[in-house]
1. Run down LEU88, LEU97, LEU84 and say which single residue is part of a helix (DSSP H, G or I) and surrounded by 14 or more Cβ atoms within 10 Å (Cβ to Cβ).
2. ALA37 fails exactly one of the following numbered conditions: (1) within 24 Å of VAL92 (Cβ to Cβ); (2) within 19 Å of the chain's Cα centre (by Cα). What is the number of that condition?
3. Inspect all residues belonging to the range 24-42 and state whether any of them is under 30 Å from THR83 (Cα atoms) and surrounded by 15 or more Cβ atoms within 10 Å (Cβ to Cβ).
4. Could you say whether any residue in the range 49-57 is hydroxyl-bearing (Ser, Thr, Tyr) and modelled with pLDDT under 95?
Amino acid sequence: MQSYGGWRPDLVALPEVPCVRCGERIPGLAWGERCPACLTERKRRARRIARRISLFTALLTAVMLGWRMTVDENSRIWIGIGTLSTFLLVRVIAMRLAMEFLPEGREGREGREWR
């Protein structure tokens, strides 16, 4: 149904908003957000950092549990469960923290200086 003024929200063009990092104007992007290309790059960097941190903590957990626990059939299962759960939990936390606190790049995708 058409509104009183003839304005139809489904036909209105979305405003082009600049990306926070590279400045490229993307239709439908909210103010203060990154374009899909910049967001993909940031996620890639965050995943790499989170993977390294989680592998290191999982290794430390496995060494600590293996050293502290008596070795029998059930304790090996619990060491594996503890190591795997530590890896997954630390990876999720590190990924979120890295997405939040990674510094911005100095240049945009086109190579121009961002001011």
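The values are calculated or read from the model by the stated rules, or taken from the named source; none is laboratory data. Worth saying up front: this structure is predicted, and the values here are computed from it rather than measured. Glycine also receives a Cβ, built like all others from the backbone with ideal geometry; neighbour counts cover every protein chain displayed.
1. Going through LEU88, LEU97, LEU84 in turn, the sole match is LEU97.
2. Only one criterion in (1) within 24 Å of VAL92 (Cβ to Cβ); (2) within 19 Å of the chain's Cα centre (by Cα) is unmet by ALA37, namely (1).
3. Yes: one or more hits.
4. Checked the range 49-57: no residue is hydroxyl-bearing (Ser, Thr, Tyr) and modelled with pLDDT under 95.
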